[in-house]
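Novice: One structure is given below, represented as structure tokens, and several questions about it will come after.
The values are calculated or read from the model by the stated rules, or taken from the named source; none is laboratory data. Not measured: the values here are computed from a predicted model. Ideal geometry is used to build each Cβ from the backbone, glycine not excepted, and the neighbour counts take in all protein chains shown. Side chains included, ligands, DNA and RNA excluded: accessible areas come from the protein's heavy atoms. Shrake-Rupley method; radii C 1.70, N 1.55, O 1.52, S 1.80 Å.
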Amino acid sequence: MAQPTGPQVKPTIVLVHGAFAESSSWNAVIADLDKDGYTAIAAANPLRSVVSDAAAVSAVIRSIAGPVVLVGHSYGGPVITQAPHGKKNVKALVYVAGFAPDTGESSLMLSAKFPGSTLGDTLLPVAQADGGQDLYILPEKFHEQFAADLPATEANLMAATQRPVAKAALAELSGAASWKTIRSYAIYGSADRNIPPAAMKFMAERAHAVKTVVIEGASHAVMVSHPHEVAALIEGAASAP
């Protein structure tokens, strides 16, 4: 006679923010996950280089004994695509308005693959001591560009707390494409002005995403404006056998 099995361990959800955002952008998503019994960690993403940022997230994965679901927003997508390399406890990838690059592709290449991004005209480059550049979104353009479906007061706070990305990181070519061996999910808004929705549709289809959710009228900050839908997709990925 078959022996009864114990309760299945819920995966830990590791959330990786992208450029021009920071860890608190996941707050409302984390609240939903916590309510439903999931442990969530909003990992710090240095936004310096795909390789080094993925290594930082990989260290977080290494510290977790049980299964993990990796979630990446925007430039966090390339990071979660590379971070699972050699880690057997990552059971799913969730791309939240995020890039899902193949080997040899960069965020800039994928964003330019289809028309529609207006990000370039809103950027403020800041020279760094090492000769590189950090990129910010101009505060006066942040609301319309990044978070048009949020109240202006909230978008203005996000503009003030945005974290810059190294320009070189957006042009960096990706390594291992973990979505080829780990099941993936995608969610994005139809009114995204950072990454063309057509590009995200292309990437989700190429990765054979188990489920793709398109939220009509949602901006690039979809995890802030539609946290319940994002959390529901993450939980679906976490609970799938």
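Novice: Lysine pairs in the chain with alpha-carbon atoms under 13 Å apart, 8 or more places apart or on different chains: how many are there?
Specialist: 4
Novice: Could you provide, to the nearest whole Å², the per residue accessible area of the chain with probe 1.4 Å?
Specialist: 44 Å²
Novice: Can you work out the FRET efficiency for the pair His85 and Ser239, with r the C-beta to C-beta distance and R0 = 22 Å, to the nearest 0.05?
Specialist: 0.30
Novice: Where does each of 27-35, 121-129, 213-221 land if you order them by average Cβ count within 10 Å, highest first?
Specialist: The densest-packed peptide leads the list: 213-221, 27-35, 121-129.
Novice: Roughly what % antiparallel, to the nearest 5, for the DSSP beta bridges in the range 7-136?
Specialist: If I count the DSSP bridges inside the range 7-136, around 20 percent turn out antiparallel.
Novice: Over 24 Å apart: what share of the alpha carbon pairs of the range 121-241 falls there, rounded to a whole percent?
Specialist: Looking at the range 121-241, the distances longer than 24 Å represent 39 percent of pairs.
Novice: Separate question: Can you give me the % of accessible surface on the range 114-200 that is carbon or sulfur? Probe 1.4 Å, all protein chains present, nothing else counted.
Specialist: 60 percent
Novice: I want the local charge near Gly132. Using Cβ-Cβ distances under 14 Å, sum +1 for each Lys or Arg and -1 for each Asp or Glu among the other residues.
Specialist: -1
Novice: Looking only at the chain, where both bridge partners belong to it, what percent of the DSSP beta bridges are antiparallel (to the nearest 5)?
Specialist: Bridges in the chain that DSSP calls antiparallel: roughly 25 percent.
Novice: How large is the Rg to Rh ratio of the range 146-204 when both quantities use alpha carbon positions and Rh follows Kirkwood?
Specialist: 1.04
Novice: Pop out the carbon and sulfur fraction of the accessible area of the range 61-109 as a percent, whole number, probe 1.4 Å.
Specialist: Looking at the range 61-109 in its full context, I get 57 percent from C and S.
Novice: In whole Å, what are the Cα extents of the range 26-91 along the three principal axes, biggest one first?
Specialist: Projected onto its principal axes, the Cα set of the range 26-91 covers 34, 24, 15 Å.
Novice: OK, next. How large is the charge dipole for the chain, taken about the Cα centre, if only the Cβ atoms of Lys, Arg (+1) and Asp, Glu (-1) carry charge, to the nearest 20 debye?
Specialist: 840 debye
Novice: Here is a further query. Spelling out what I want: for every residue of the range 19-32, take phi, set θ = phi - 60°, compute 6.51 cos²θ - 1.76 cosθ + 1.60 (Karplus), and round to whole Hz; glycine and proline get x.
Specialist: Once θ is set to phi - 60°, the couplings for the range 19-32 become 5, 6, 10, 7, 4, 5, 5, 8, 3, 5, 5, 4, 4, 5 Hz.
Novice: Counting DSSP beta bridges in the range 119-241, what percent are antiparallel, to the nearest 5?
Specialist: 60 percent
Novice: Considering all projection directions equally, how large on average is the shadow of the alpha-carbon convex hull of the chain, in square nanometres?
Specialist: Approximately 13.4 nm², given one-decimal rounding.
Novice: Highest mean first, what order results for 79-85, 111-117 on Cβ atoms within 10 Å?
Specialist: Final packing ranking: 79-85, 111-117.
Novice: How large is log10 I(q)/I(0) at q = 0.21 Å⁻¹ when the Debye formula is applied to the Cα atoms of the range 13-125, each weighted equally and without solvent?
Specialist: Reported log10 I(q)/I(0), two decimals: -1.16.
Novice: Turning to a different aspect of this structure: Using the Karplus equation 6.51 cos²θ - 1.76 cosθ + 1.60 (θ = phi - 60°), what ³J(HN,Hα) coupling, rounded to whole Hz, does each residue of the range 150-158 give in order, writing x for Gly and Pro?
Specialist: Residue by residue, the range 150-158 yields 10, x, 4, 4, 6, 5, 5, 5, 5 Hz.
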